[in-house]
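The values are calculated or read from the model by the stated rules, or taken from the named source; none is laboratory data. For clarity, every value in this text was computed on a predicted model and none was experimentally measured. Glycine also receives a Cβ, built like all others from the backbone with ideal geometry; neighbour counts cover every protein chain displayed.
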C-alpha cells in the first residue's frame, strides 16, 4: 500500500463469511457448468407441467433455411440466428454439430449427461450444506441484521445512491466501513431469493420430491415451469456475478480480494480527518 | 544451487486460478471427470440423495395424477422405439398373443402369464407425468397390473431385495445380452401402489414405440427406470452379479440407480 493520505485497516469479513463465500464460488461455478451440460441434453424450456414440444418458451436448435443449416435460438416466438454460438456449430471442415451451449462452458467439456449429473448433484449438496452454515451463522451472529438489512433511512436515500454508483463514485472513510444500500439489496436478493429459488426449483424437478411435497409443483406452476425458472434464476445469478466482479475490480480489486481472503480491508480517510 | 523462483502470494494466486480454470474450463476437465477417484467421490452424492428422499418422502406417497385434458398429444418415445429381430417381429405380428411374461428367481411360484391372463388380474389406471432424464416431461394414461399383485401371486420370498426386469430391446446394439435393456428396483418401489406393468397407454394397447407388449411404470423416478418391452422378471437378493453390476442398462453406463431426481 502507498503512504499517501491517511488510512485505517479494518477487519471486514468474518472467517465464516470468507470460507462460505469461497466454497460457494466453487460450488456455483461447477453447478452452472454441469447445469449447462444437463440443459444441453434437451436444450428447450417450457411452461406448465409438460413439454409442448411445438411451443417452447425458449429453444436452441438447428433449422434449415434453403440449403443452409443454421443454429437458431427461439425466445417467446422470435427466431434469432445463433449459428456457432447456440443450437448448432460448424467445425472447420464444414461438418456441423447440434448442441445447445458450446462445450467450452459445460462440465464435462463434451456431451456426457450422466457425468454432468454426478457433478451437479454432488456440488448441489455442497451448496446446500454451505448455504445452511452461512444462513445459520448470519442469523446467530447478527451478520444478516447488522450488515445486510437496510435501514428505513437507507431505503429512502436509494435514489442518490444509484446516481453515485452510476458515476462510479464509491463511499470513502466512515461510510466505506459498511455496505451501501444497493450492495445490501443485491446481496439480500441473491442470498434470500435467487439461491433458495435455485434449490426449490431444482427439487421441484425431482419426481421423488414431487410425490412427497406436491406444493413444489403448485408454487411454480408445474415441473416444466420449475425447470424454466431454474434456468432464469441461474441467469440472474450469472448477471449478479458479472456486476459483482466489475464492482470488485473498479472499487479496489486487491483491497476487496484481500478482505475476502484475510478479512483485512483498508479504508482511506479523507483529508482533514483524524 | 537454488534456482527455484520465489512464489509470492500474488504469483501463487495467479497460478492457482490458472490451474483451476484450465482443469474446469475448455475441455481439459475431460481428464478430471474420467479420474476414478473423482468418479468415486462424485458418486457418493447418490447415497445422500437416496437416503434423504427415502427419509423425507413416505414410501406410500403418491406421484401426482393428472386429468384426461392434461394428456400429451405428442408423447415422446425415447430409447428403443422398435425391435428389429425376427422373434419379436413374429410376436408383434400376432398382437403378442403368443407372448408370455416370465416371473422367476426368488419366488415360491414361478409364473408364465399371457397378456390375456395379465388383463384378468387386478388393474390400476393412472394419468401421470413421465420425466425424462434429459429434462422433458410428457403426461400419459397407463393401465396395467400392480407389480405387487404379480409378486404376491408369485409368492415372493423374504430374501428377495430387488426386482430385475429383462427387456427385448438391444439398445446397446451389441447383438447379445450385454446390450439388452434391463432395469431393477428395490422393494419400496416394487410394492408402491402406482408401480404397475402397463399393457395399455391412453386407453389403447401399448404401442410398440412405448414398449409393447408390457412396460414398467415407476412414477416417482425418472423415465429410464421404466423398462419397456419387458420379457422376464426376476426376484434377486442383489444386482452385483448381473451384467455390468449396477442394476440397469443406463446404470452400467454411469447413471444413478436411484433416479428420484
How about the stretch B:99-124: which of its residues are touching a helix residue (DSSP H, G or I) at 6+ places or on another chain (Cβ under 8 Å) and either more than 16 Å from residue B:199 (Cβ to Cβ) or part of a loop (DSSP other than H, G, I, E, B) (or both)? B:99, B:107, B:109, B:121, B:122
Tell me, please, whether a residue that is away from every other protein chain (no Cβ under 14 Å) and either at positive phi or assigned to a loop (DSSP other than H, G, I, E, B) (or both) can be found in the stretch B:128-135. no
Filter the stretch B:160-188 for residues that are in contact with a helix residue (DSSP H, G or I) (Cβ under 8 Å, 6 or more places away or on another chain) and farther than 17 Å from residue B:245 by Cβ and give the result. B:160, B:168, B:170, B:171, B:173, B:188
Could you pull out every one of the helices (runs of 4 or more DSSP H) wholly within the stretch B:12-98 that has 3 or more residues that are modelled with pLDDT under 95 and within 26 Å of the chain's Cα centre (by Cα)? B:36-56
Residues being within 14 Å of chain A (Cβ to nearest Cβ), under 26 Å from residue B:115 (Cβ atoms) and part of a loop (DSSP other than H, G, I, E, B) - total across the stretch B:208-261: 6
Just checking, which of A:111, A:145, A:118, A:163 is in contact with a strand residue (DSSP E or B) (Cβ under 9 Å, 6 or more places away or on another chain) and either assigned to a helix (DSSP H, G or I) or within 14 Å of another protein chain (Cβ to nearest Cβ) (or both)? A:111
Quick one: which residue in B:86, B:82 is out of contact with any strand residue (DSSP E or B) (no Cβ under 7 Å at 6 or more places or on another chain) and within 30 Å of residue A:50 (Cβ to Cβ)? B:82
Quick check on the stretch A:234-244. Is at least one of its residues within 14 Å of chain B (Cβ to nearest Cβ), surrounded by 17 or more Cβ atoms within 10 Å (Cβ to Cβ) and under 15 Å from the mean Cα position of the chain (by Cα)? yes
Conditions first: (1) in contact (Cβ under 8 Å) with a residue 24 or more places away in the chain; (2) more than 9 Å from every other protein chain (Cβ to nearest Cβ); (3) farther than 27 Å from residue A:37 by Cα. Residue B:80 passes all but one, so which condition is the exception? (3)
Of the residues A:18, A:61, only one is more than 12 Å from every other protein chain (Cβ to nearest Cβ) and in a helix (DSSP H, G or I); which? A:18
Being in a loop (DSSP other than H, G, I, E, B) and under 25 Å from residue A:196 (Cα atoms) is the filter here; which residues of the stretch A:148-160 pass it? A:149, A:150, A:151
Is it true that residue B:88 is within 26 Å of residue B:132 (Cα to Cα) and more than 11 Å from chain A (Cβ to nearest Cβ)? yes
Checking A:53, A:101, A:86 in turn, the sole residue that is surrounded by 14 or more Cβ atoms within 10 Å (Cβ to Cβ) and touching a residue at least 60 places away in the same chain (Cβ under 8 Å) turns out to be A:101
Let me spell it out: the conditions are (1) more than 14 Å from chain B (Cβ to nearest Cβ); (2) over 30 Å from residue A:218 (Cα atoms); (3) outside any loop (DSSP other than H, G, I, E, B); (4) in contact with a strand residue (DSSP E or B) (Cβ under 8 Å, 6 or more places away or on another chain), and residue A:74 meets all of them except one. Which number is the exception? (2)
Conditions: (1) touching a helix residue (DSSP H, G or I) at 6+ places or on another chain (Cβ under 9 Å); (2) without any contact (Cβ under 8 Å) to a residue 12 or more places away in the chain. Residue B:156 meets all but one. Number of the miss? (2)
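Conditions (1) crowded, with 20+ Cβ neighbours inside 10 Å; (2) touching a strand residue (DSSP E or B) at 6+ places or on another chain (Cβ under 8 Å), marked per residue:
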residue: B:67; (1), (2): no, yes
residue: B:100; (1), (2): no, yes
residue: B:104; (1), (2): no, yes
residue: B:123; (1), (2): no, yes
residue: B:128; (1), (2): yes, yes
residue: B:140; (1), (2): yes, yes
residue: B:152; (1), (2): no, no
residue: B:156; (1), (2): yes, yes
residue: B:168; (1), (2): yes, yes
Would it be correct to say that residue A:231 is at pLDDT below 95 and either closer than 30 Å to residue B:217 by Cβ or over 22 Å from the mean Cα position of the chain (by Cα) (or both)? no
How about the stretch A:121-137: which of its residues are more than 8 Å from chain B (Cβ to nearest Cβ) and within 20 Å of the chain's Cα centre (by Cα)? A:123, A:126, A:127, A:128, A:129, A:130, A:131, A:132, A:133, A:134, A:135
